[in-house]
Amino acid sequence: MEWHIALEPEPEINNWAVWTPELRGYASAERTEPKALENNREAIEFYLQSDLIQFSSEAISREIILD
């Protein structure tokens with residue numbers, strides 16, 4: 001499976017910022033490029049696991065629409 005990522009240096013804080021556009025709401029920053037890539041890989045693996053969240057039978061699903 002192939003994913004596109006954005007990786008850019010943040011010289012002001014001496015970090016690398018990384019995110020995967022398909023994983024909305026996720027971003028990470030690490031001191032080194034390899035560590036930033038490793039964290040991003042772990043985030044993708046976590047995202048692909050479908051059985052992580054177990055909701056109770058009382059849970060209600062809703063949609064929010066932003067204008």
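The values are calculated or read from the model by the stated rules, or taken from the named source; none is laboratory data. Small disclaimer: the values here were computed from a predicted structure and weren't measured. Surface accessibility is based on the protein's heavy atoms, side chains included, excluding ligands, DNA and RNA. Shrake-Rupley method; radii C 1.70, N 1.55, O 1.52, S 1.80 Å.
In angstrom, the C-alpha Rg and Dmax of the chain are 15.6, 48. Once both axes come from the Cα atoms, what is the angle between helix 33-48 and the longest principal axis of the chain, in degrees from 0 to 90, rounded to 10? Once rounded, one gets 10 degrees.
Mean sequence separation of contacting Cα pairs (under 8 Å, at least six apart), scaled by the length of the chain, corresponds to a relative contact order of 19 percent.
Accessible surface area normalised per residue over the chain is 90 Å², counting heavy atoms of protein chains with a 1.4 Å rolling probe.
For region 1-51, carbon and sulfur atoms together expose 51% of the accessible surface, with a 1.4 angstrom probe and every protein chain in place.
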